[in-house]
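Asks: Pasting a structure here, questions to come.
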Amino acid sequence: MADHRQFCTFFLDDRFFGVEVEKVQEVIRYQVFTPVPLASPVIRGLINLRGQIVTAIDLRRLLLIGDRTDDYRPINIVVHTRQGTFSLLVDRIGDVLDVDHASFEHPPDTLEGIARELIQGTYKLQGRLLLTMNIDKLFNPALLNRSREATKKTES
Amino acid sequence: MDEIIKEFLTESQEGLDQLDNKFVVLEQNPEDRETLASIFRTVHTIKGTCGFLGFSHLEKLTHAGENLLSLLRDGRLRFTQDMASALLNMLDAVRIMLSAVEQTETDGDQDYLDLIEVLNRLKEGGPAPPPVSKPAPPPEPVVQLDKRSLPDPDEPPAPADELLPPGSVFLLQPPPASEPLPTEPDEPPIPASELLPPGSVFLLQPPPAAHEPSPPTRKPEPATALVESAAKPAPERPSAPPVAGGASVTDTSIRVDVPLLDKLMNLVGELVLARNQIVEYTLIQENPQLVAASQRLNLITSELQEGIMRTRMQPISNIWAKIPRVVRDLALSCGKQIRVEMEGKETELDKSLIEAMKDPLTHLIRNAVDHGIEMPAVRQAIGKPEEGCLLMRAYHEGGQVHIEIADNGAGLNPLKLRTKALEKGLITPERASTMSDQDFRRLIFLAGFSTAEKVTNISGRGVGMDVVKTNIEKIGGVIDLESELGRGTTFKIRIPLTLAIVPALIVTSGGERFAIPQVNLLELIRVNEEQRDAAVEYVHSHPVYRLRGKLLPIVYLNQELHLTATARVLNIVVLQAGQHQFGLVVDQINDTQEIVVKPLDKVLQDIPVFAGATIMGDGRVALILDVLGIAQRAHIISDSHDHGGSTQLQEGQNLKTEIQTLLLVRSPGNGRLAIPLGPVSRLEEFEPDQVESAGEVDVVQYRGHILPLVRLRDVLGDRRPTSRPAPTENGAFTTPLLQAIVFGDGVRRVGLVVDEILDIVQDVFETKGRSTRPGIAGTLVIQGRVTEMFDVQSFLQRVAPLLALAEET
């Protein structure tokens, strides 16, 4: 494994996340999306990415962080995964960071549930932690369904 | 030239070009079965087609080759170089004949008997042609062959001349290394088939390209010229002049990869969308130049779209062409006389649709021949002409392709269908009493339905029409039938012209736009605000609308999709879902539009109400409704499958689309288990102290008989840890009453004791996963929970001895 890796970073609430930069196709501003009724609540809708229809996944809902206020317009990070192209809805976009792999650590055992599967590990940066995501795991339907149930539970 | 012959030539040339490479691959790796099989297929195709077209020489030769190849493919012979040689020899002969076909529409006079004999001999595993030395031809052989075996033009034709493409002979003769070369001119001529190791021949010579004029073997003059040119030392190919002017077939048509066409089609789809956007935008501008430009763009795009679509279009005759033959063979085998008539065979539709229609059409034809048209004697007796008629019509109407298959046979007898359906338990008597004749006729589309008195090898197993229907619906089509007793039956199929761009109705519901494919659309109804409340009536809380005196079930799209309604007027879109009509209430009806269908992502594909998505003129995405999916969700479709008295419920294969009634019970370890209610006769409760034992079996006295009891946890095994205390021996159950599910009838009964009965559900269930342990037929999701499906069949088999016990008492 290379010593340095690059991550495209973003924020959900005040949490700091990163996905490997090679997986990211582009970052685009808020797009109007068409909601898909009956779909998992994690799926916020479909966006038109220059003629290609892309499914937008709300990372807040997936990670069970509370919803944004209604007028907050999330940013799309378009990523390539083994399951195809998806858009991740995030709050704010950060820089592309070059991190030293030596600062990597696996997630603590206290992390559980969906977050445990999605969060690959953390990079201990100056003053904060960068959580990296395994986006290939993100779009597995079983996971989406489970988060649907989890959402229901938190709602009720 | 005949279209079929042209196609045959292009196809065969292409096949042959690939074969050369494949033989080379094969020679490096003789064990390569896959390559062998693909060679076999190509040769087989050529053989099949030329047999059909009446090129008997060609057929005989390829047949011999095919025989050898089939043995090789099955591994009964080892691929040797001799075989490669002979087969390549055959390829070249085939090429020559093909060019003869191209020029003269016959396959020439040559029958290549020697080559056939060689192939046959190889097939027997018999003596191969003489030992082959490695083909390393020094220049001398040219001369030797020249001297020795090239026949004088005046002499009777030597075998070599017959066997090989004459132009190449001199190039090809390697010296048989082990034998002294025969140099005496007066030695008896050795047959070319023995003399020449044919393989080396063709490995040395590049195959004649398809478009190069090859010697027309039937004309004497060029043949002589060839021999002359062969006598020249320079190994040049003779350049015989093309017989007729005009480009050969392979020049005027090119083969294009279907993926490339698909890509073009996609791009045009994008262009259509961009065009829609520009046109929409232009409407709000007041710039005449922009308007003019956008109109031009509009026109060009439409034409381009049409053009691209046409590249994928093929006449329906492509699949119809084979039908007369099929009908003839079938008619002969059942002793009937049938004439086939076709109308509109030039009607074009998308290639993928043509492919998809092949099987359903063949099936309908077989059915018509086998069941539809009566035996000649019967026909005569009722005053019909002995010869039955099968009419196939195709035409375009309303942006769709209509296909009709009509026979003038016996027609469908509604009464007979009714009896049969009742007999098979497909409908209940109550339901039968409310059905119209047309409803009965449509029963033939149900799975497991067959009215044929006996199962023939053509049809009658009852797995036909439902498959036809499913296949047609899969491509967005609709099938219906008309029939008159004694007059015949007509099947009417409507399919879209193409799958990629479809006309659709755009509606709004809950503030979102949805597209409804027009193929499902029947009519639109608008009810004013004042009349709205009176218009919708209720049948036991199910809304209906009176449409010309008949009750139309109503489905609210907002409710089905959990959206919020906004409309004050009632907009009803009347839709056809399979055999059923229903009204879909939407907030607003916008307009019709050509939309480009884009598939949904995998994570969304398990939502059955959407068929895909499209991009609207304003650049936003709209979902395309799957009318069948909505009907299923709203339980419209379930009406057609009568489930009440169904004894057909068997786990596994039928799960996919059938409505089922399932009993949900808690399985050991707090899981959920679904038991099909079909085979269940009763649910009973017993006091634990009623349980007695007979030998090792727990039994209770039940209706004057002894009912053996089996516990679910014994059937499935208590695999998972459970929080509940495991029952001790002798029926110390934790519940005060024993819940037993009684299977079977009369005295042959068995009770399955379960911990708790949770619910009874009725729906279309789809098996999601395979069985993970014995006793389980699969897993599915019911009420949002993963549920295992109990395998009743295997359970009943397992408890068969107990049933016997019950019987004896």
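Asks: In terms of the ratio Rg/(2.2 N^0.38 Å) built on C-alpha atoms, what value belongs to the range B:25-111?
Replies: 1.11
Asks: If you wrap a convex hull around the alpha carbons of the range A:1-78, what volume per residue comes out, as a whole number of Å³?
Replies: 123 Å³
Asks: Next up: Evaluate peptide A:28-36: per residue, the Cβ atoms of other protein chains within 10 Å of its Cβ; return the mean as an integer.
Replies: 4
Asks: How far apart, in nm, are two points set 7 Å out from the Cα along the Cα-to-Cβ line at B:A565 and at B:E687?
Replies: If labels sit at B:A565 and B:E687, their model points lie 5.4 nm apart.
Asks: Can you give the FRET efficiency to the nearest 0.05 for B:L297 and B:T428, using r as the Cβ-Cβ distance and R₀ = 45 Å?
Replies: 0.15
Asks: Label points 7 Å out from Cα along the Cβ direction at B:K263 and B:E34: separation in nm?
Replies: Result: 2.4 nm between the two label points.
Asks: Taking the C-alpha atoms of the range B:315-496, how large are the radius of gyration and the largest Cα-Cα span, Dmax, in Å?
Replies: Reported Rg and Dmax, both Å: 16.2, 47.
Asks: If you take each beta carbon of peptide B:553-566 and count the beta carbons of other chains within 10 angstrom, what is the mean?
Replies: 1
Asks: Set the Förster distance to 60 Å, then compute FRET efficiency between B:L547 and B:E117 from the Cβ-Cβ distance, nearest 0.05.
Replies: Once rounded, the FRET efficiency stands at 0.20.
Asks: Shielding of A:40-48 by partners, i.e. mean partner chain Cβ atoms within 10 Å per residue?
Replies: That works out to 4 on average.
Asks: Just to confirm the number: angle between the C-alpha axis of helix A:141-155 and the first principal axis of chain A, 0 to 90 degrees, nearest 10?
Replies: 80 degrees
Asks: In Å, what is the Rg of the alpha-carbon atoms in the range B:503-638, and how long is Dmax?
Replies: 14.5, 44
Asks: Follow-up. What nm distance separates the two modelled labels at A:L64 and B:E105, each placed 7 Å from Cα along Cα→Cβ?
Replies: Between A:L64 and B:E105, the simple spin-label model gives 7.8 nm.
Asks: Kindly rank B:39-49, B:322-332 from highest to lowest mean number of other beta carbons found within 10 Å of each residue.
Replies: Top to bottom by mean Cβ count within 10 Å: B:39-49, B:322-332.
Asks: Moving on. Please sort B:419-427, B:386-394, B:298-306, B:61-69 by packing, taking for each peptide the average over its residues of neighbouring beta carbons within 10 angstrom, highest first.
Replies: B:61-69, B:386-394, B:419-427, B:298-306
Asks: What's the ranking of B:354-365, B:400-411 by average number of surrounding C-beta atoms within 10 Å, highest first?
Replies: With the highest mean Cβ count within 10 Å placed first, the list reads B:400-411, B:354-365.
Asks: What is the set of long-range amide H partners of B:I595 at a cut-off below 5 Å, with H atoms built 1.01 Å from backbone N?
Replies: Those lying under 5 Å, H to H, from B:I595 are B:V502, B:A504.
Asks: Classify the range B:258-311: rounded, prolate or oblate, from the alpha-carbon gyration tensor (a ≥ b ≥ c, eigenvalue square roots; a/c under 1.5 rounded; otherwise prolate if a/b is larger than b/c)?
Replies: Prolate, since a/c reaches 1.5 and a/b exceeds b/c.
Asks: Compute the distribution of all C-alpha to C-alpha distances in chain A, in bins of 10 Å from 0, and list the percent of pairs in each, rounded to whole numbers.
Replies: 10, 41, 37, 11, 1
Bear in mind these aren't lab numbers, they're just calculated from the coordinates by the rules spelled out. The structure displayed is predicted, hence computed values, not measured ones. Don't worry about glycine lacking a Cβ; one is built from the backbone with ideal geometry, like all the others, and counts go over all protein chains shown.
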